[in-house]
Amino acid sequence: MNDRARSQRIYQRSLAVILENQQPGGAYLACPTMPDYQFSWFRDGAYIAYALALDAQAGDVFHEGSMAAQIESAREFHDWCARVINDRAEAVERSIERAARGEPPVLADTLNARYRANGHAGPDDWPEFQLDGVGTWLWSLAEYADRAHTPPLPLAWERAITLAARYLAAMWQVPCYDCWEERGGDIHISTLGAIYAGLAASSRLVPSLNWDDTTAAIRRFVLAQGLTPGGELAKSVGLDMVDANLIGVAVPHRLLEPDDPVMRRTVARIERELHAPGSGIHRHLEDVYYGGGAWVLLALWLAWYYLEVGERQRADDLIAWAESRADADGNLPEQVPDPMLASAWHYDDWVRRRGPIAQPLVWSHAQYIIARRMGGGAQPVG
Ligand code: BGC
């Protein structure tokens, strides 16, 4: 198969993986094959729905789906999120009141990172309290509304947007698990980026919401307390460490512009410490999950960043690497154990306990669609 046919196959497969695996009711399972991932995350789904909105907007329908199918799928996911949030309105209100009184959250009243397709919570032993997903969902919903020309919004969406935004505005300084579901006692800079973007998006969606003071406070906080001694963004407050998830602070969350010097320094350190030569991107230097391999979705995320700052060759190299890791059917994994940061023992142990690395990982496919739709890849889309 030549390169063009291979890219095309991965692109088609990416759309198919998303559309074929969407559950009745709108949820996107993170991976159709891995038991741990039979849940719909706000975060993964937000990027998946965004990828579909971008693809639909491009309108050059060369694939077997249709623009309507993409938009409809994203709409169903947003509807699912709105339902999940509205169904928990009383608990969320209690969280908001508690935060206003300066009291720590009661976990049972916070929103989970993921729910079952039927909207029910999963087992209690998961690090569910993560604020970034709700922020990223609001961002994705505003991007969807721009492209699908939906106003006026359904009342149920307006309720969920307002509730979610009030929740984030009340809770942004509360430590929570990060987007890798780790370090629950810290305040994470990438999480603050997602909250910032979510609040800004909520005002675009519901103009009576105004969070200018809160978003300005979040930005000030990040610049005052969220930097390393070297002037990069820090993984979490007080840590002299970067994490590849910091790309999100600029792309897409725009707390900083992609060419801001702080962002440039952060990406340079991610390149130095986390970009495995000739391979993908590690999450952070302490990663042991499946041995701490090279992540496909992060390579594509970094490509997205480079496309936004006009560094096309770097983007294309990352996309080409991601393409080289697809299987014969075009399925992309979450990560590859090549190279790993931790010992092979960790990899074997995770495989023993949880099964093989997730593949296809639907979020990886979403990042592939995004990177290609943003203009990356040696071949044009289509
Ligand atoms: C990742 C999360 C992701 C989840 C589902 C976890 O391993 O750390 O970021 O949301 O998988 O894809």
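Any chance you could run the full-extension gain for residue 324 through residue 12? It's 0.36 nm times the residue separation minus the Cα-Cα distance, nm to one decimal.
Using 0.36 nm per residue and subtracting the Cα-Cα distance, I get 110.7 nm.
Classify region 247-382: rounded, prolate or oblate, from the alpha-carbon gyration tensor (a ≥ b ≥ c, eigenvalue square roots; a/c under 1.5 rounded; otherwise prolate if a/b is larger than b/c)?
Because a/c hits 1.5 or more and a/b fails to exceed b/c, region 247-382 counts as oblate.
Keeping the other protein chains in place, figure out the carbon and sulfur percent of the accessible area of region 118-275, with a 1.4 Å probe.
Carbon-and-sulfur percentage of accessible area, whole number: 50.
Using R₀ = 22 Å, calculate the FRET efficiency as 1/(1 + (r/R₀)^6) where r is the Cβ-Cβ separation of residue 241 and residue 213; round to 0.05.
About 0.15, to the nearest 0.05.
What shape does region 55-202 take by its C-alpha gyration tensor, where a ≥ b ≥ c are the square roots of the eigenvalues and a/c under 1.5 counts as rounded, a/b above b/c as prolate, and the rest as oblate?
Prolate.
May I ask for the Rg/Rh ratio of the chain, computed from Cα atoms with Rh as the Kirkwood radius, given to two decimals?
0.94
Rounded to the nearest 0.05, what FRET efficiency do residue 94 and residue 354 give with R0 = 30 Å and r taken as the Cβ-Cβ distance? Could you check?
Working from the Cβ atoms, E equals 0.35.
So how exposed is residue 129, as accessible area in Å² (1.4 Å probe, rounded to 10)?
That residue has around 20 Å² of solvent-accessible surface.
Using unit Cβ charges (K, R positive; D, E negative) and no other charged atoms, how large, in debye to the nearest 20, is the dipole of the chain about its Cα centre?
Magnitude of the dipole: close to 340 debye.
Which whole-Hz couplings ³J(HN,Hα) result when phi for each residue of region 321-332 is put into the Karplus expression 6.51 cos²θ - 1.76 cosθ + 1.60, θ = phi - 60°, listed in order with x for Gly and Pro?
5, 4, 4, 5, 9, 6, 7, 4, 8, x, 7, 9
Once fully extended, how much extra length lies between residue 107 and residue 312, figured as 0.36 nm per residue of separation less the alpha-carbon to alpha-carbon distance?
Extra length from residue 107 to residue 312 when fully extended: 69.4 nm.
With label points built 7 Å along Cα→Cβ from the Cα atoms of residue 259 and residue 3, find their separation and express it in nm.
The two pseudo-label positions are separated by 2.7 nm.
Tell me the per residue accessible area of the chain using a 1.4 Å probe; a whole number in Å² is fine.
38
Compute, for residue 306, the solvent-accessible surface of its heavy atoms (probe 1.4 Å) with the complete set of protein chains present, and express it in square angstrom to the nearest 10.
Per-residue accessible area (residue 306): approximately 10 Å².
I need to check one value: relative contact order of region 123-238, counting alpha carbon pairs closer than 8 Å and at least 6 residues apart, in percent.
Relative contact order here is 32 percent.
Multiply the residue separation of residue 288 and residue 345 by 0.36 nm, subtract the distance between their alpha-carbon atoms, and state the gained length in nm to one decimal.
19.5 nm
The values are calculated or read from the model by the stated rules, or taken from the named source; none is laboratory data. If you're wondering where the values come from, they're calculated on a predicted model, not measured in any experiment. For neighbour counting, all protein chains shown are included, and Cβ atoms are generated from backbone atoms with ideal geometry for every residue, glycine included. Accessible surface is based on the protein model in full, side chains and every heavy atom, while ligands, DNA and RNA are left aside. Shrake-Rupley method; radii C 1.70, N 1.55, O 1.52, S 1.80 Å.
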